[in-house]
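One structure is given here, and the rest of the page talks about it.
Just so it is clear, none of the values below were taken in a lab; they were calculated from the coordinates. Computed from a prediction, not measured in an experiment: that's the story for all the values here. A quick note on method: Cβ atoms are made from the backbone with ideal geometry, for glycine too, and the neighbour counts reach across all protein chains shown.
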Amino acid sequence: MSAERATAWFLRGYVVVVFAFVFAPIAASFVFSFNSDRFPTLPLGHFTLHWYETIFNDPDVWEAFANSAIVSACTAVIATFIGFCTAYTDYRFRFFGKSAYLGLALLPPTIPLVIMGLAMLALLSRIGMSGRLDSIIVAHVVLCSPFAMAVIRLRLAQMDPSLEAAAWNLGASEWQAMGAVILPFTAPAIVAALCLTAAVSFDEFAVAWFVSGLNKTVPVIILEILQGNVDPQINAIGSIVFITSMTLVVVAQILIMTKAPRRA
Amino acid sequence: MPEPGHEPLVVFEGVTRRFGDTVAVERMDLAIGEGEFVAIMGSSGCGKTTTLRMLAGLERPSEGEIRIEGRRVNELSPAERDTPMVWQTLALFPFLDVRRNVEFGLRMRGIPAPARREKAMAWLDRMEIAELADRDVAQLSGGQRQRVALARALVTEPRILLLDEPMSALDANLVVRMQAVLARLQRDLGITFVYVTHSQSEAFAMADRVVIMSRGVVEQIGTPQQVYRSPANRFVAEFVGANNIISGIVTDYREGVVTAETALGMLRATVTGDVARTPGGGITFVVGADRIALSGQPAGAGNEVRLALISEEFIGSVVTLHFEASDGSPFRAQKQQRELDTLALEVGATMWASWPAEDVHVLPGE
């Protein structure tokens with residue numbers, strides 16, 4: 001009995017240690033973002049919002065946030081649309097070369113980001129599209145669509161296959177059935193995909209760095225500040241980015257976990 | 001039954017459906033009349049569901065023609081025909097409440113909201129579930145869902161309703177109740193029901209005619225009585241009811257009575273119609289298990305075989321007795337419980353079974 005309890009306590013401790021390992025740097029960054037000292041040393045100085053004020057008054061940071069917001073919003077909408085179409089064709093149709101099609105659709109996240117960034121830069125500059133905000137969007141859509149597809153595909157797999165046919169059977173055209181059955185059923189997954197792709201795009205550095213040119217996103221400006229000097233502004237920006245992404249991911253996770261009634 | 005002279009409501013003419021190399025339905029000819037309750041019956045994979053799906057437009061025939069109301073429908077999409085279906089899974093929309101589920105067909109046809117609401121409520125009322133109108137479908141019991149599915153399919157007032165094993169998820173008690181509901185509904189509405197099932201009791205309890213299918217081929221079409229008493233072939237005789245099937249060689253044929261040498265002894269059968277038999281040819285007798293008389297002693301009459309009792313099986317008031325015949329083949333008899341009171345039923349006991357020659361059905365063409 002006591003051996004069992006010891007194991008239980010050990011496992012609990014293990015979980016705590018793992019989470020501490022993962023989150024300690026982020027927590028440290030969060031704590032130091034409110035610390036008055038210039039260098040991250042212990043003991044801490046006094047509490048201050050100075051670093052938040054600094055970034056708040058820095059037009060470059062504002063611009064980066066605006067860029068990131070535009071890019072991630074556009075990316076989320078386009079990537080989710082493409083992901084939905086891919087997931088639906090997979091759900092609905094059987095055709096020659098389907099596994100190749102699916103493999104290709106899921107491929108982008110497996111490519112190292114640096115390679116992807118380089119390749120994107122090469123392609124976009126050749127067609128005269130590099131260094132613009134939309135070049136980041138294009139690159140991020142490629143990167144994010146597979147995530148959207150995976151989430152929506154999961155939801156479609158939970159759907160009673162008779163549901164869409166039942167709509168046709170009751171007089172719905174294919175488009176009507178799409179609007180009246182497929183979209184309402186997949187709605188939680190669609191919102192989850194929007195959040196997830198927005199979060200991925202908001203965080204993404206490597207590809208954005210290659211193709212962004214003068215239109216810097218938040219991760220890119222973080223690196224620039226970091227390259228200049230040690231500046232606790234980074235902690236403040238980092239904390240905001242972390243909270244934004246985490247919120248999006250948690251919302252997505254909650255929506256994905258709302259279980260679909262399989263047969264009703 | 002379809003009336004002669006004008007086209008029945010639904011006609012299958014030489015309809016074949018292939019999936020790759022497999023033939024799901026082969027050269028099917030079937031006519032279904034207005035207001036008829038037809039059950040298509042067979043084991044899984046026999047093509048019964050494919051037949052129904054072709055009628056609904058969810059599958060397209062590879063060959064042949066399907067006509068509804070005299071019009072070729074092969075090329076029509078499901079939405080272009082009015083053939084609503086009650087699905088095996090019921091396929092209620094989980095994101096809509098009960099009333100909106102029922103309204104769905106009307107909404108797709110562009111009926112304005114107040115009118116479709118009124119109609120949906122009328123149907124929910126008719127199905128005796130009006131009080132559930134605002135519920136989520138996930139909150140309903142199996143029987144209630146069934147009623148919602150029926151209301152949803154019938155709300156557009158079709159001339160034909162398709163049902164694909166709609167009761168397979170219900171427990172036995174509920175099945176009997178829903179059978180009564182369905183049969184009454186069909187009579188009251190006077191529309192055609194095409195009901196696909198693997199269950200003989202469901203088919204026989206409700207249908208005017210049954211279609212028995214096996215491996216894509218129609219084996220027999222007829223009233224439950226005809227199929228039960230006069231199976232068209234060995235498959236139907238084995239599939240339907242509790243029949244004893246005995247094969248032998250004809251030894252004598254005169255005055256409408258054929259005598260054959262079988263593994264169980266010399267047996268006789270009255271032959272009607274053109275089923276003439278010549279001595280030396282093969283013949284197959286079908287004897288319904290409910291036509292068997294049992295006795296502890298041989299009576300010395302014709303058509304009597306000696307059996308050893310193996311087991312008893314109670315189904316309500318009816319008892320099925322399983323025997324082994326002298327050649328080791330199985331033999332079945334069905335009796336009312338009270339008819340068995342006078343018999344000593346012990347496993348292993350020797351008994352004699354007999355039946356009148358008139359109660360023997362002779363399989364044609366075998």
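So the label point goes 7 Å from the Cα of residue A:231 along Cα→C-beta, right? Which residues of segment A:36-53 then have their backbone N under 15 Å from it? What the label zone holds, given the 15 Å backbone N cut-off, is A:38-39, A:50-53. Across chain A, C-alpha contacts under 8 Å between residues 6 or more apart give a mean separation that, scaled by the residue count, equals a relative contact order of 30 percent.
Once the convex hull of all Cα atoms in the protein assembly as shown is built, its volume per residue stands at 276 Å³. Principal axis extents of the C-alpha atoms in segment A:59-256 (largest first, rounded to whole Å): 66, 36, 24. Spacing of the modelled spin labels on residue B:336 and residue B:324, each 7 Å from Cα toward Cβ, amounts to 3.2 nm.
When chain B is treated as a GNM with alpha-carbon contacts under 10 Å, the residue of B:51, B:278, B:223 showing the greatest mean-square fluctuation is B:278. From the mean inverse distance of alpha carbon pairs (Kirkwood) and the Cα radius of gyration, derive Rg over Rh for segment A:144-264. My calculation of the ratio gives 1.18.
Computed over chain A with a Gaussian network model linking Cα atoms closer than 10 Å, the most mobile of A:57, A:35, A:215 is A:57.
One equal scatterer on each Cα of segment A:49-166, no solvent, Debye formula: the resulting log10 I(q)/I(0) at q = 0.21, 0.22, 0.24 Å⁻¹ is -1.16, -1.21, -1.30.
Comparing A:184, B:43, B:155 along the charge dipole axis of the protein assembly as shown, the residue lying farthest to the positive side is A:184, per the Cβ-charge model. The helix-based estimate of mean residue ellipticity at 222 nm for chain B, built from -39,500 (n - 2.57) per DSSP H run of four or more residues and divided by its residue count, is -7000 deg cm²/dmol to the nearest 500. Comparing A:17, A:77, A:207 in a Gaussian network model of chain A where C-alpha atoms under 10 Å apart are linked, the largest mean-square fluctuation is found at A:17.
The spacing between segment B:210-264 and segment B:172-201, judged by their C-alpha centroids, is 27 Å. Dipole magnitude for segment B:10-234: about 100 debye, using +1 per Lys or Arg Cβ and -1 per Asp or Glu Cβ, origin at the Cα centre. Starting from the Cα of residue A:107, move 7 Å in the Cα-to-Cβ direction to define the label point; list residues of segment A:190-219 whose amide nitrogen is under 20 Å from there. From segment A:190-219, the list is A:207. Put simply, chain B fits an ellipsoid with semi-axes of 46, 26, 16 Å; these come from the alpha carbon gyration tensor as the roots of five times its eigenvalues, largest first. Label-to-label distance for residue B:223 and residue A:50 is 10.1 nm, based on points extended 7 Å past Cα in the beta-carbon direction. Which residues does a label at residue A:123 reach in segment A:141-164, if reach means a backbone N under 19 Å from a point 7 Å past the Cα toward the Cβ? The answer is A:141-150. Dipole check for segment B:70-116: with +1 at the C-beta of Lys and Arg, -1 at the C-beta of Asp and Glu, and the Cα centre as origin, the magnitude is about 120 Debye.
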